[in-house]
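Reading through the structure tokens given below for one structure.
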Amino acid sequence: MNAVVVRATPESVPQLVASATGLFAEDGGRRDPYLDVAWPRREGAAYFADLVRRDDSLCLLAFSAAGSAIGHLIGRIRRPDPLRPDAVVGVLESLRVDPAHRETGVATALTEEFFAWARKSGANQASVTAYATNESAIGFYRGRGFAPFELTLHAPI
Ligand SMILES: CC(C)(COP(=O)(O)OP(=O)(O)OC[C@H]1O[C@@H](n2cnc3c(N)ncnc32)[C@H](O)[C@@H]1OP(=O)(O)O)[C@@H](O)C(=O)NCCC(=O)NCCS
């Protein structure tokens, strides 16, 4: 892999917004007719500006050797759940790699950084949600130790 992974700063919020915009368009935008694909452009700057400052969140960017942002990962520690008092869950909220840089280990490097951060933050479980039709993402996550746990089913009504 010829990329470096760094913590995003307030100055790099526009790069997070751009990568999240690409993710919404490619993933949810093609799989969920109700997804608001304009959300990152409209709300992303404020959302990520808050996240990069929080201790319970992880905002990572991957940069190519040429210095351009080629991927991102957002992680969070879920609020305590009284129904699962002993679980501390690190949530992998968002992950994307630029198409031109896929299959070179960039997402693997981002995810390893996420696992290390989640462990350091006290998490004893990691969780991620993917669209059921996103086979490459599900294949990627399975290869990194995730296995299906719950299943959400939708019906049009
Ligand atoms: C999923 C994604 C983040 C992977 O990024 P990447 O940088 O190409 O991933 P890496 O190069 O680190 O690793 C690729 C791994 O995924 C595996 N993979 C890719 N497509 C797969 C598929 N259809 N089925 C099974 N495994 C697959 C590869 O075999 C490889 O695994 P290996 O290293 O064990 O051989 C990238 O494809 C992406 O950004 N997709 C669009 C956005 C998206 O779907 N994000 C996830 C939303 S939940």
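Alpha carbon centre of segment 116-151 versus segment 1-28: separation in Å?
Between the Cα centres of segment 116-151 and segment 1-28 lies a distance of 19 Å.
Which is the longest stretch in the chain that no exposed loop site breaks, taking sites as chymotrypsin sites (Phe, Trp or Tyr not before Pro) with a DSSP loop state and at most 15 other Cβ atoms within 10 Å?
It runs 35-130.
Relative contact order for segment 4-143: what percent, with Cα pairs under 8 Å and sequence separation of 6 or more?
Relative contact order of segment 4-143: 22 percent.
Average the reciprocal distances over every distinct pair of alpha-carbons in segment 4-143, invert the result, and give the Kirkwood radius in Å.
15.6
Only Cα pairs within less than 10 Å get springs; with that Gaussian network setup on the chain, which residue of 84, 119, 41 has the largest fluctuation?
Among 84, 119, 41, the largest GNM mean-square fluctuation belongs to 84.
So what's the back-of-envelope 222 nm ellipticity for the chain, counting only DSSP H runs of four-plus at -39500 (n - 2.57) apiece and dividing by all residues, rounded to 500?
Calculated mean residue ellipticity at 222 nm is -10500 deg cm²/dmol.
Share of antiparallel DSSP beta bridges in segment 21-150, in percent to the nearest 5?
Close to 80 percent.
Each value in this text was obtained by applying a stated rule to the coordinates, not by laboratory testing. What you are looking at is a predicted structure, and each value in this text was computed from that prediction instead of being measured. Reconstructed Cβ throughout: ideal geometry from the backbone, glycine too, with neighbour counts over all protein chains shown.
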